[in-house]
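Enquirer: Here it is, the structure, as C-alpha cells.
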Amino acid sequence: MAVGFVAQLADGALGMGFGLISSSVLLLSGAPPPLVSSAVNAAKIPTGAAAGLSHLLAGNIDRSVFKRIAIAGIIGGLAGALMLSSLKGPWLMGLVALYLIVISTLIILRALRGRAVLAVPGRKASLIGACGGLIEGIGGSWGPVVTTGLLGAGMEPRRAVGSSALAELCVSVAVFCALMLTAHLGLWGDGGGVGTMLWPVLGLVCGGLPAAFLGGPLARMVPRRPLTLAVGFLALGVGIQRGAQLLF
C-alpha cells in the first residue's frame, strides 16, 4: 500500500512514477515480467480513472493532445504487450535510459532558460504516444516517455502531466486486456497465473487511489519552472539508474 501511495503521488504531480516505482518493486520481488506489466496496468485502471478525473476538474487537459497520444498509445501498447517476452532485453533498457537522459537534459535546460510554452505538433504528439504505449505494454512505464516527451516539445507542464495521465488510463485498459488474452492463450508459459496478480493489484490500488485525487490540484498549484525541473531531474535519475544497471 505504501508503495502504491508514494508512486501515485509522484505520478499525479509529476506525470510519472506509478508504473516505474511499482514495476521496479515487483520485479525485485521476483515476479515475471508479464505478471508485473499486467498487475501494474490493472492497478492503473482505477487509480488512473481517479487521477484523470482529478486533472480534468483542475483544467489540466489539452483535449487535442490527449486524443492523439491516447490513440497512438493504445496502438503502441498493444504491440508492446504482444511482444513483451521478446523485447525484454538489455538493448531495450539501454535505449530507454539513453532517451531519458537526453530528453531530461533538454527539459532541465528549457526550464533554466525560461523557454516559452509551445504548441505540440500533432505528428510529434502521436509519435510520443506510440513510443510511450510501447514501453507501457512492455514494462508499465508510460510517464517517463510521454510526460517528458511533451515537456521536451515545449508543452505547458500542468497540461503535459494532465493530458498524459488521462491518456494513460486508456492505454492501460488496452494493455491489460491484451495481456489477459495472452495469458488465456497460454503464452505466459511458466510465468505465473492470472490469479497471482490479486494481492499486488489490491496493494497498489489501495495505496494509490487516495493519492490519485491529489494529482490535479498539485499539478495546478506547483509553479511551472519547479514542476518542469522536478520532472526533468526525476527522469534524469531514472535514466542514470537504468544505465548503471547495464554497466554494473
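Residue-wise test of (1) modelled with pLDDT of 85 or more; (2) farther than 30 Å from GLY122 by Cα; (3) open to solvent by 10 Å² or more (accessible area, probe 1.4 Å).
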{"position": "GLY19", "(1), (2), (3)": "no, no, no"}
{"position": "PRO34", "(1), (2), (3)": "no, yes, yes"}
{"position": "VAL40", "(1), (2), (3)": "no, no, no"}
{"position": "PRO46", "(1), (2), (3)": "yes, no, yes"}
{"position": "ALA51", "(1), (2), (3)": "yes, no, no"}
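Enquirer: Among the residues of region 45-83, how many are closer than 14 Å to ALA178 by Cβ and either touching a Leu at 6+ places or on another chain (Cβ under 7 Å) or in a helix (DSSP H, G or I) (or both)?
Expert: Looking only at that region, the number is 11.
The values are calculated or read from the model by the stated rules, or taken from the named source; none is laboratory data. Given the structure is predicted, the values throughout are model-derived calculations rather than measurements. Reconstructed Cβ throughout: ideal geometry from the backbone, glycine too, with neighbour counts over all protein chains shown. Surface accessibility is based on the protein's heavy atoms, side chains included, excluding ligands, DNA and RNA. Shrake-Rupley method; radii C 1.70, N 1.55, O 1.52, S 1.80 Å.
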